[in-house]
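What follows is a short report on a single structure.
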2 protein chains.
Amino acid sequence: MLNKRSRYAIKALIFIARANALQHPASVSSIADTTTIPNKFLESILHDLKVAGFVLSRKGSGGGYYLSRTADQVFLADLIRVMNGPIAMVPCVSLNYYERCEYCADERTCGIHAVMEELRDASLAILAKTSIADLIRREDWMKEPEA
Amino acid sequence: MLNKRSRYAIKALIFIARANALQHPASVSSIADTTTIPNKFLESILHDLKVAGFVLSRKGSGGGYYLSRTADQVFLADLIRVMNGPIAMVPCVSLNYYERCEYCADERTCGIHAVMEELRDASLAILAKTSIADLIRREDWMKEPEA
DNA sequence: ATAAATCCTACCAAATAAGTAGGAATAGTA
DNA sequence: TACTATTCCTACTTATTTGGTAGGATTTAT
């Protein structure tokens, strides 16, 4: 399961992208007010997002957060890796957090390994192509089915 | 990521299936010895597997654990659900552990929801068809490529 | 009887997750 | 210049989950 940091991060990025589209930054409190994410917790999540390069910020009055790239270049896979950890279900098939399997002598002959690779690829096929822009499009489309 | 209970459970069930194929039960210590799973921890995992109906046991000298069904009827999806929890990455798309989403007003118009359903189905497509027997076949096949 | 096994209850320690507190630094505005 | 709205930074707290361990009761084959 995704942790709350990831889920909140997705929600927050959607909000920021929408604000940016209207030419203004999104402040922590504006996001917290409309999403019910605890203010201080959100602050620390946005800090992580900044360190990871997803957003930029402007301090002071009228400041807030911006996407560092267009919303169609922010992919769920990257976001989840930063906020939640590996996409894979076992470390020995993780592309970004690989750890040698401690319990099998040889990964090449481990039956579990192969299945877990399949699973990783199937997940990645979805997560690495779905962007924040896609999520926004889906929301908008679903709210106005005749558009 | 899968927790250790799940990973150990998979390893243990493979061992038990192999032992059963030779007409004898698998004792906790025989499994622990060949897999490096801590003895007492394994004991508690096997207890869970019994309660969940995956295995049967016989007490006393010469006793141990049996699969309650053939190895090709023990699927990873079922095992993971019992030992690890939901397959889905968010509770609001879980088939077996559903919880209403606390942060979106309407699931039908939530853009995240739809993607998470896709992801769940992609994972399930693999996990619900892969059995312990499949894992054993893969192991055997990979160890003897010319068979 | 005895040895080999499961069964059962309780406990424990470390890690992770989720969030809070308090204030310093910065930037726009009156 | 003062004020206010904001991010930035460090540290703390609290609850839950994870990965075990301890110790003994019960059952069964020999």
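Any read-out appearing in this document is the output of simple, stated calculations on the displayed coordinates, not a laboratory observation. Every value quoted in this text rests on a predicted model; they were computed, and no experiment measured them. For neighbour counting, all protein chains shown are included, and Cβ atoms are generated from backbone atoms with ideal geometry for every residue, glycine included.
When A:Y66, B:Y65 are ordered from fewest to most other Cβ atoms inside 10 Å of their Cβ, what list results?
Numbers: A:Y66 17, B:Y65 25.
Going from sparsest to densest Cβ surroundings: A:Y66, B:Y65.
Could you tell me which of B:V28, B:F75, B:C101 has its Cα farthest along the dipole of chain B towards the positive end, charges placed at Cβ (Lys, Arg +1; Asp, Glu -1), taken about the Cα centre?
Of the options given, the answer is B:V28.
List the GluC sites (Glu not before Pro) within segment A:1-106 that DSSP assigns to loop and that have no more than 12 neighbouring Cβ atoms inside 10 Å. Kindly include the intermediate steps, with their values, before the conclusion.
Working: sites: A:E43, A:E99, A:E102; in loops: A:E99, A:E102.
Sites meeting the loop and neighbour criteria: A:E99, A:E102.
Could you work out the local net charge near B:N84, counting Lys and Arg as +1, Asp and Glu as -1, over the other residues with Cβ closer than 15 Å to its Cβ?
Details: positive: B:K4, B:R5, B:R7, B:K11, B:R81, B:R120; negative: B:D48, B:D78.
Charge balance near B:N84 sits at +4.
Add -39500 (n - 2.57) for each DSSP H run of 4 or more in the protein assembly as shown, then divide by its residues: what number comes out at 222 nm, to the nearest 500 deg cm²/dmol?
That calculation yields -16500 deg cm²/dmol at 222 nm.
With chain B rotated onto chain A, spot the residue of B whose Cβ lies nearest the axis and note the distance in whole Å.
Of all Cβ atoms in chain B, the one nearest the axis gives B:A122, 2.
Nothing charged except the Cβ atoms of Lys and Arg (+1) and of Asp and Glu (-1): what's the magnitude of the dipole of segment B:74-142 about its Cα centre? Round to the nearest 20 debye.
Values: 7 positive and 11 negative charges, 28 e Å.
Using only the charged Cβ atoms, the result is roughly 140 debye.
In debye to the nearest 20, how big a dipole does chain A give about its Cα centre with +1 on each Lys and Arg Cβ and -1 on each Asp and Glu Cβ?
Taking the Cα centre of chain A as origin, the dipole is about 620 debye.
Whose amide H sits under 5 Å from the amide H of A:A128, counting only residues 5 or more places off or on another chain, with H placed in the peptide plane?
Here the answer is A:A77, since their amide H atoms fall under 5 Å of that of A:A128.
Convex hull over the Cα atoms of segment B:66-146, averaged projected area in nm²?
Working: hull surface 28.6 nm².
Over every viewing direction, the Cα hull of segment B:66-146 projects on average to 7.1 nm².
How about segment B:1-70: which trypsin sites (Lys or Arg not before Pro) there are in a DSSP loop, with at most 15 other Cβ atoms within 10 Å of their Cβ?
Working: sites: B:K4, B:R5, B:R7, B:K11, B:R18, B:K40, B:K50, B:R58, B:K59, B:R69; in loops: B:K59, B:R69.
Answer by residue number: B:K59, B:R69.
Rounded to the nearest 10 degrees, what's the angle between the helix A:4-21 long axis and the longest principal axis of chain A, both from Cα atoms, 0 to 90?
The answer is roughly 40 degrees.
Please report, for B:E43, the nm distances (one decimal) from its label point, 7 Å out from Cα along the beta-carbon direction, to the equivalent points in the remaining copies, shortest first.
Here the equivalent label points are 5.0 nm apart from this one.
Suppose you put the label 7 Å out from Cα in the Cβ direction; list, shortest first and in nm with one decimal, how far B:D106 is from each other copy's label.
For B:D106, the other copies' label points sit at 5.8 nm, shortest first.
What average count of beta carbons from other chains do you get within 10 Å of the Cβ of residues in A:4-13?
Details: counts 1, 0, 2, 7, 1, 0, 4, 4, 0, 0.
What the average comes to for A:4-13 is 2.
Taking each label point as 7 Å beyond Cα in the direction of the beta carbon, state the distances from A:G85 to the same residue in the other copies, shortest first, in nm.
Nearest to farthest, the other copies are at 1.1 nm.
Between the alpha-carbon centers of segment A:12-53 and segment A:69-85, tell me the distance in whole angstrom.
Value for the Cα centre distance between the two parts: 15 Å.
Pairing the Cα long axis of helix B:132-143 with the longest principal axis of chain B, what angle in degrees results, from 0 to 90 and rounded to the nearest 10?
Computed tilt is about 70 degrees.
Working from Cα positions, state the angle (0 to 90°, nearest 10) between the long axis of helix B:111-127 and the longest principal axis of chain B.
Long axis of B:111-127 versus the principal axis of chain B: about 20 degrees.
In debye to the nearest 20, how big a dipole does segment B:1-88 give about its Cα centre with +1 on each Lys and Arg Cβ and -1 on each Asp and Glu Cβ? Walk me through the intermediate numbers first.
Details: 11 positive and 5 negative charges, 21 e Å.
I would put it at about 100 debye.
Compute the distance from the alpha-carbon center of segment A:98-147 to that of segment B:87-114, in whole Å.
Measuring centre to centre over Cα atoms gives 17 Å.
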